[in-house]
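A.B. asks: Next up is a structure, given as structure tokens.
The values are calculated or read from the model by the stated rules, or taken from the named source; none is laboratory data. Here the structure is a predicted model, which is why all the values come from computation and not from measurement. Note that we place each Cβ from the backbone using ideal geometry, even for glycine, and neighbour counts take in every protein chain shown. Surface accessibility is based on the protein's heavy atoms, side chains included, excluding ligands, DNA and RNA. Shrake-Rupley method; radii C 1.70, N 1.55, O 1.52, S 1.80 Å.
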Amino acid sequence: TINSILAPERELMYRVFCLIMTECEDYQTISTLFYAYLSYKSTFRQSIVQLNSAVGFHNFSEYEDLKDSFIEDSYKKYLYQAAIEPFLRNGQERYLETRIVPADTSEKISQKIKEIYDCIQEREMKTQFNIIFHFIKKRDEREEKRYRHFLIREEIRKQAFAIYNFRNDERNWGENPLAGCVVGIDAANSEIYCRPEVFAPAFRFLRNHKIVNGFEQRPNDLNITFHVGEDFFDVADGLRAVEEAMIFLNLRNGDRLGHCLALGTDVRKYYEMRYHTICSTKQVLLDNMAWLHHKCKKIVGYTPLCYYLESTFHDLFLEIFGDEKYKDGKFNYDRVFDAEDNLKAMNNIQDYYLSWLLRGNSPTFASDESTVPTSDIEKEWLNVSVNHHLGAELARNNNNALEIHEQYHSDRVVNKGSDAKTFTIREEYRDDFYSLIETIQEHLLCKIEKKRISIECNPSSNYKIGEMMRYDGHPITKFFNRGLSTPYPSHDIAVSINTDDQGVFSTSLEREYSLIALAMERYQPEGYKNSPRQIIEWLDKIREMSVEQQFSNIKNKM
């Protein structure tokens, strides 16, 4: 296509091929130069496309950060055109969500969105894609020690305020409705060091934002996607992160979870490959023990495994929250915090679980740091500082939970909890431990299905970042298997197949569908065979669901 951003290079290649095929006068020179060009292009491509076999999010990030570093700023606007136009041109009814990192002012956001839409040459395409504000998960660098992720939370708050002001500005709802192009928010990047709690107040703030302008009232019109359960210390940690996203962000019908590999990971194989050993931080292990203990009591019942989880929890709790003062050669159970805190012992695992539920609140929701709001935007921010989930509301009435929550954000506990810890599951409890995690997987899948939350699946991304050995190991058939013969419990969760980062993984939407289809046809469990027609019909249903899952706002008029 003449308007394609890559048209000049394709024309060059076409002309060179013509010259070579006609054996022109400079045939050998042109052939040599063209071969050198293709070799250089291939080498350059390998530096920005993830082709190695290393797994993990850090490996992906190195490639992801390179993709626009070779382009001068004045040409970067063409990246949008190169990414958007070819995708939409390949199908008349295609829809694309363009993700951008929100700026810290309304004016900068307006400028960025206008720049994206202005670079698209064909007017019809401007109605086929929308904008998602893309928040970036970052590690807590602890430069400011007021509470966990202080600097990141402040950055997110500024971005949320900028989005609020951008969507309140009547100029962005006029003839060219910039604000109407925005349909949702999401958060992605490595989740190990940045959990859903960091984004919870901002996401609730933007979700609850009600706009009244000259056109219509627009309450609660931003949908949420949260990427979770992809990058975790162990399966239990990944599952807990999934539930944190659901509880802390108040996810509902129409929202989406990204990846969620922890929901479909083969639990026993996962831990066997690691010699039944978990390597994580002390804080994560402590949180997991309290969370698993609660799940065991609620879903399975009080079993001997609960005693094991309690014992492990208490040892870790004292290591992290204890004041290291001894009594008769042992930890002083009568005092686990510093003397000046004047607090009683709090080694009750139930109190700790309730304090975990409070993490969806602002870190200062119950402290003297909360300031009196001076503007409407600050009042709305204060209103969402408390998560009104039923469990969190109950936890607010528990003084021990409140005190543990406050200490959780203290610098002393953060430092102690960040120490590495290796934990080997005792042999006599392994079967019960794994059975519990498998039960939790099924429980969460049922919960997601009941709430009608969708799951975004990204086969190549999950294969290259995660630990899938083959594409048939992708858990998509555990999420949605209606019409298929599988060894898994029946689930009808809305799923979609996506490219994730099309450039880094050098893939396309057609390729992702083809890879899943080919894997399912070639590798079928004994006793669970599916015909090519069954697989095609199943994939076609996923295609239909993908259309239903797309976030929508008003029709673009740009």
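A.B. asks: Looking at this structure, is Glu544 under 26 Å from Ile132 (Cα atoms), within 26 Å of the chain's Cα centre (by Cα) and modelled with pLDDT under 95?
C.D. replies: On the way: under 26 Å from Ile132 (Cα atoms): yes; within 26 Å of the chain's Cα centre (by Cα): yes; modelled with pLDDT under 95: yes.
Here the answer is yes, as Glu544 does meet what is asked.
A.B. asks: Let me ask you something else. Report, ordered by the first and then the second residue, all pairs with beta carbons closer than 9 Å, sequence separation of six or more or different chains, a first member in segment 264-276 that is touching a residue at least 12 places away in the same chain (Cβ under 8 Å), and a second member that is of a type in the set (S, T, N, Q) and open to solvent by 60 Å² or more (accessible area, probe 1.4 Å).
C.D. replies: Tyr275/Thr424; His276/Thr424
A.B. asks: Further question on the same structure: In segment 83-105, what residues are open to solvent by 60 Å² or more (accessible area, probe 1.4 Å), basic (Lys, Arg) and assigned to a loop (DSSP other than H, G, I, E, B)?
C.D. replies: none
A.B. asks: Are any residues in segment 133-151 buried (at least 20 other Cβ atoms within 10 Å of the Cβ) and of a type in the set (A, V, I, L, M, F, W, C), and if so, which ones?
C.D. replies: Phe133, Phe135
A.B. asks: Here is a list of conditions, (1) at pLDDT 90 or above; (2) open to solvent by 10 Å² or more (accessible area, probe 1.4 Å); (3) in contact with a strand residue (DSSP E or B) (Cβ under 7 Å, 6 or more places away or on another chain), and Gln128 meets all of them except one; can you say which number that is?
C.D. replies: Just one mismatch for Gln128, condition (1).
A.B. asks: Those residues that are over 20 Å from Leu309 (Cβ atoms) and in contact with a strand residue (DSSP E or B) (Cβ under 8 Å, 6 or more places away or on another chain), I need them from segment 382-431; list them, please.
C.D. replies: Within segment 382-431, Ser418, Asp419, Ala420 qualify.
A.B. asks: Based on what the data block shows, is Glu124 of a type outside the set (A, V, I, L, M), more than 19 Å from Ala241 (Cβ to Cβ) and without any contact (Cβ under 8 Å) to a residue 40 or more places away in the chain?
C.D. replies: yes
A.B. asks: If we scan segment 401-408, do we find a residue that is in a loop (DSSP other than H, G, I, E, B), open to solvent by 10 Å² or more (accessible area, probe 1.4 Å) and free of Cβ contacts under 8 Å to residues at least 60 places away in the same chain?
C.D. replies: No, every residue in segment 401-408 fails to be in a loop (DSSP other than H, G, I, E, B), open to solvent by 10 Å² or more (accessible area, probe 1.4 Å) and free of Cβ contacts under 8 Å to residues at least 60 places away in the same chain.
A.B. asks: May I ask you to list the residues in segment 272-284 that are over 16 Å from Arg359 (Cβ atoms) and buried (at least 18 other Cβ atoms within 10 Å of the Cβ)?
C.D. replies: Ile278, Ser280, Lys282 - these are the residues of segment 272-284 that are over 16 Å from Arg359 (Cβ atoms) and buried (at least 18 other Cβ atoms within 10 Å of the Cβ).
A.B. asks: Out of Ile455, Ile476, report the one residue that is modelled with pLDDT of 95 or more, within 30 Å of Asp68 (Cα to Cα) and either aliphatic (A, V, I, L, M) or open to solvent by 10 Å² or more (accessible area, probe 1.4 Å) (or both).
C.D. replies: Result: Ile455 is the single residue among Ile455, Ile476 that is modelled with pLDDT of 95 or more, within 30 Å of Asp68 (Cα to Cα) and either aliphatic (A, V, I, L, M) or open to solvent by 10 Å² or more (accessible area, probe 1.4 Å) (or both).
A.B. asks: Go through (1) open to solvent by less than 50 Å² (accessible area, probe 1.4 Å); (2) assigned to a helix (DSSP H, G or I) one by one and return the number of the condition Thr486 breaks.
C.D. replies: (2)
A.B. asks: Which condition does Asp432 not pass, out of (1) open to solvent by less than 60 Å² (accessible area, probe 1.4 Å); (2) of a type in the set (D, E, K, R); (3) farther than 19 Å from Asp315 by Cα, if it passes all the others?
C.D. replies: (1)
A.B. asks: Separate question: Is there a residue being at pLDDT below 90, under 19 Å from Asp255 (Cα atoms) and either not in a helix (DSSP H, G or I) or not β-branched (Val, Ile, Thr) (or both) anywhere in segment 459-466?
C.D. replies: Within segment 459-466, not a single residue is at pLDDT below 90, under 19 Å from Asp255 (Cα atoms) and either not in a helix (DSSP H, G or I) or not β-branched (Val, Ile, Thr) (or both).
A.B. asks: Could you please tell me which pairs satisfy a Cβ distance under 7 Å, a separation of 6+ or placement on different chains, a first residue in segment 286-299 that is farther than 13 Å from Leu316 by Cβ and open to solvent by 10 Å² or more (accessible area, probe 1.4 Å), and a second residue that is assigned to a helix (DSSP H, G or I) and hydroxyl-bearing (Ser, Thr, Tyr)?
C.D. replies: That search, which allows pairs on different chains as well, returns His294/Tyr353; Ile299/Thr439.
A.B. asks: Based on this model, can you work out whether Tyr302 counts as at pLDDT below 95 and either exposed (fewer than 15 other Cβ atoms within 10 Å of the Cβ) or within 30 Å of Gly184 (Cα to Cα) (or both)?
C.D. replies: In short, yes.
A.B. asks: Given Ser496, Ser531, Ser508, which one is touching an Asp or Glu at 6+ places or on another chain (Cβ under 6 Å) and either open to solvent by less than 80 Å² (accessible area, probe 1.4 Å) or among the acidic types (Asp, Glu) (or both)?
C.D. replies: Going through Ser496, Ser531, Ser508 in turn, the sole match is Ser496.
A.B. asks: Moving on to the next point. Criterion first (over 30 Å from Gly174 (Cβ atoms) and either touching a strand residue (DSSP E or B) at 6+ places or on another chain (Cβ under 6 Å) or open to solvent by less than 40 Å² (accessible area, probe 1.4 Å) (or both)) does Leu444 satisfy it?
C.D. replies: So Leu444 fits the description; yes.
A.B. asks: Taking the condition at pLDDT 85 or above, part of a helix (DSSP H, G or I) and among the charged types (D, E, K, R), does Arg148 pass?
C.D. replies: In short, no.
A.B. asks: Okay, next question. Where the second residue is modelled with pLDDT of 95 or more and the first is on the phi > 0 side of the Ramachandran plot and lies in segment 143-156, which pairs have Cβ atoms under 6 Å and are six or more apart or on separate chains?
C.D. replies: Every condition considered, the pairs that remain are His149/Val198.
A.B. asks: Mind checking which residues of segment 67-82 are in contact (Cβ under 8 Å) with a residue 40 or more places away in the chain, out of contact with any helix residue (DSSP H, G or I) (no Cβ under 9 Å at 6 or more places or on another chain) and open to solvent by 80 Å² or more (accessible area, probe 1.4 Å)?
C.D. replies: Passing the criteria: only Tyr78.
A.B. asks: In segment 161-205, which residues are touching a strand residue (DSSP E or B) at 6+ places or on another chain (Cβ under 7 Å), at pLDDT below 90 and not in a strand (DSSP E or B)?
C.D. replies: Asn168, Cys181, Asn189, Glu191
A.B. asks: Something else: Please specify each residue of segment 15-56 satisfying the condition of being modelled with pLDDT under 85, surrounded by 11 or more Cβ atoms within 10 Å (Cβ to Cβ) and small (Gly, Ala, Ser).
C.D. replies: Ala54, Gly56
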